[in-house]
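These notes concern the structure reproduced below.
The values are calculated or read from the model by the stated rules, or taken from the named source; none is laboratory data. On a predicted model such as this, the values are computed, not experimentally measured, just so you know. Glycine also receives a Cβ, built like all others from the backbone with ideal geometry; neighbour counts cover every protein chain displayed.
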Amino acid sequence: MSLTGTPFLYTLIALCVAAVALPLVLWSRVRGPRVVRAAARLLMVLFAQGTAVALVFTMVNNSNQLYDNWGDLLGTSNHVQEAADLGASGTGGIALEKLPKVRQAFKQAKGPGMRADGGVLVTQLKGRVSGVHAEVHVWLPPQYDDPAYRNRRFPVVEVLPGYPGSSKAWYGTMDAPEQLAPLMRGGQITPFIIVSPRTTLLPGKDTGCANIAGQVNADSWLSIDVPKMVMDNFRAQAAPNGWAVAGYSAGAHCATKLAVAHPDRYRAAVSMSGYNDPAAVPQSLAGRSPALRAANNPYVILKDSRVPPRVALYMSGQPKDGYEAAMALKRVAKAPTTVDVVFIPKSAGGHTMALWKPQVVPAFRWLTQVMGTPQQAGSAPGTTPLAPSSAGSRHAELASGTASPADAARRP
């Protein structure tokens, strides 16, 4: 029975009802010695508490899409087939342009949000460079199947969840397709292909999106294998100008790190509540040694870079949750690197999906500005020009953030 499936949820609800009814019916009817009666009643209490905890956990997990399956939850799911030493480039000396095309079979993905606005496709990819074998989800913009766009290629945003997190989260809990599709149709936001690969590759460990010989080549999985597969199977623009990467929490750290480390693969990155030092997450493999920490810290990469990377960064954060890390990057960034920092007040909420979900539209508006207007990206003549939207609740406005703490203080 699937961890995130409806049958499992309904089974837990039924067990919770039974757990409440059981002591009401049997509490005074238990017979036998005092020890036996006490043990039976204790078991009924424990059963009620256990089912209640399991139900709450399942509802929270389904809402935030933390664990996809039992293997992720129990720490038995391993998606690394091999982890060769691929060197500084992450290619292992392989001439990527000479690799044969990757041809994949796709099917309709299942789960919350997977059928929203055209539906999400899923495939199982065997990474030829990284040695990672895992699922990749793909959502195509409304214009993709429009005959008027049959000769157009679309820019791509690779979206990453936090840790733990599901590759479905951006489509389900974050509601990215539902939020963005109407704006794409209206010409207010560029029609992007949205790609979400699995990032939980080893049981109970955050890879930090790093290449670690003998353990995992997460960087090469995300920045080489997944993009090549997408460009080989869809009308996707070429890297780097047609590619961006976005994430929240641990995914935000990865997005920033991938962009500044590989300006030949990404043009822009979006970071929501991210951090620079991978050791900020105790489970991060990238934080296990000083050398790994430095190699996977975007602040160190930018500061020590002899040639500043041509990337644009959009970084949102609250005090002590992403804002200071973003400002540190802004201080060391040199042209052509650009860093746009969005301050989010504490009143917008904490480190949760409820904070990040309202930031999807502002982030994709920014990506539209950086990576081209809708007309440049392939919209039909006569579409609505880029303009700010007046839609959104007060909470969404707060979560969208402001340019600085001073601006936030002036907001009514």
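Any chance you could count how many residues in the range 148-179 are part of a helix (DSSP H, G or I) and over 23 Å from R265 (Cβ atoms)?
Counting residues in the range 148-179 that are part of a helix (DSSP H, G or I) and over 23 Å from R265 (Cβ atoms) gives 5.
Count of the range 108-143 residues, restricted to those that are buried (at least 19 other Cβ atoms within 10 Å of the Cβ), in contact with a Pro (Cβ under 8 Å, 6 or more places away or on another chain) and touching a residue at least 60 places away in the same chain (Cβ under 8 Å), is 7.
Every test in (1) surrounded by fewer than 14 Cβ atoms within 10 Å (Cβ to Cβ); (2) within 21 Å of D264 (Cβ to Cβ); (3) at pLDDT 95 or above is passed by A105 save one, and that test is (2).
Of all residues in the range 310-332, those that are assigned to a strand (DSSP E or B) have Cβ atoms under 9 Å from Cβ atoms of residues that are acidic (D, E), 6 or more apart or on another chain, in A312/D340; L313/D340; Y314/D340; M315/D340; G317/E324. The residues in the range 114-136 that are within 14 Å of F192 (Cα to Cα) and either hydroxyl-bearing (S, T, Y) or under 17 Å from the mean Cα position of the chain (by Cα) (or both) can be counted, and the count is 1. For V60, indicate whether it is modelled with pLDDT of 85 or more and either among the aliphatic types (A, V, I, L, M) or not assigned by TED's automatic domain parsing to the domain that holds Q143 (or both). In short, no. In the range 180-190, the residue that is surrounded by the most Cβ atoms within 10 Å (Cβ to Cβ) out of those that are out of contact with any Phe, Trp or Tyr (no Cβ under 6 Å at 6 or more places or on another chain) and in a loop (DSSP other than H, G, I, E, B) is T190.
Quickly run through the range 191-208 and pick out the residues that are at negative phi and part of a loop (DSSP other than H, G, I, E, B). Give the steps one after another, and end with the answer.
Within the range 191-208, the first condition is being at negative phi, and the residues that meet it are 191-203, 205-207.
Answer for the range 191-208, where residues must be at negative phi and part of a loop (DSSP other than H, G, I, E, B): P191, F192, R198, T199, T200, L201, P203, T207.
Scanning the range 223-234 for residues that are in the same structural domain as V157 (by TED's automatic domain parsing), of a type in the set (K, R), buried (at least 24 other Cβ atoms within 10 Å of the Cβ) and part of a helix (DSSP H, G or I) turns up nothing.
Count of the range 14-37 residues, restricted to those that are at pLDDT 85 or above and of a type in the set (D, E, K, R), is 2.
At pLDDT 95 or above and aromatic (F, W, Y): is that true of W139 in this structure? Write out each step before concluding.
Details: at pLDDT 95 or above: yes; aromatic (F, W, Y): yes.
It is true that W139 is at pLDDT 95 or above and aromatic (F, W, Y).
Set side by side, the residues T352, T337 differ, and just one is modelled with pLDDT of 95 or more and polar (S, T, N, Q), which is T337.
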